[in-house]
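Taking it in order: structure first as structure tokens, then the write-up.
The values are calculated or read from the model by the stated rules, or taken from the named source; none is laboratory data. Just so it is clear, the model here is predicted, and its values are computed rather than measured. Here the Cβ is made from the backbone with ideal geometry for all residues, glycine too, and neighbour counts use every protein chain on show.
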């Protein structure tokens, strides 16, 4: 804030030294003058209203909201993010596997409780099979992956050809283009190629 001095002629800003060592001369100031840096920033009515308005729902206690926010933050912090490539099973499956590993029953008791456990296994089997299938695909050698890619492309072409044939038969496509007709003609070659790739598995 600027310091003003008064003399018999009115207010003035006294001489001051700049950072580089030179001096500013004293300046006369009219009554009511407010320096630019001391002028308050203008805020529209809408901005003032938004600043006063609370983010909380109407009637909610700020203390309760703060406690809930802290609880949510703590839960997020405790929830560990898995590393890329790690397969995370749902919570109920993890708890089942942890319980069985902690207290392994004797073999006789295991035989007697086999029937109820089989139902649990049948529930988990599709998940395990799908995960095993994904892992198998990831662990294939590059040549095998190329074959699978090619097989998928060929099957896609067959689907396109069959849709073109269906449109021609239904009359939806009255004048097929040349490339569409060429695709339809190549159907037998593509089917033979698919058969060859599937046999090479």
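General observations
Residues are listed down the side, and each one gets a yes or a no for (1) in contact with a strand residue (DSSP E or B) (Cβ under 6 Å, 6 or more places away or on another chain); (2) closer than 30 Å to residue 131 by Cα; (3) modelled with pLDDT of 75 or more; (4) in a loop (DSSP other than H, G, I, E, B):
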position	(1), (2), (3), (4)
42	no, no, yes, yes
47	no, no, yes, no
67	no, no, yes, no
72	no, no, yes, no
75	no, yes, yes, no
104	no, yes, no, yes
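- Any hit, the range 17-40, residues being surrounded by 10 or more Cβ atoms within 10 Å (Cβ to Cβ), within 40 Å of the chain's Cα centre (by Cα) and farther than 30 Å from residue 68 by Cα: no
- When 169, 183, 174 are checked against the criterion of being surrounded by fewer than 10 Cβ atoms within 10 Å (Cβ to Cβ), part of a helix (DSSP H, G or I), on the phi < 0 side of the Ramachandran plot and more than 37 Å from the chain's Cα centre (by Cα), a single residue qualifies: 169.
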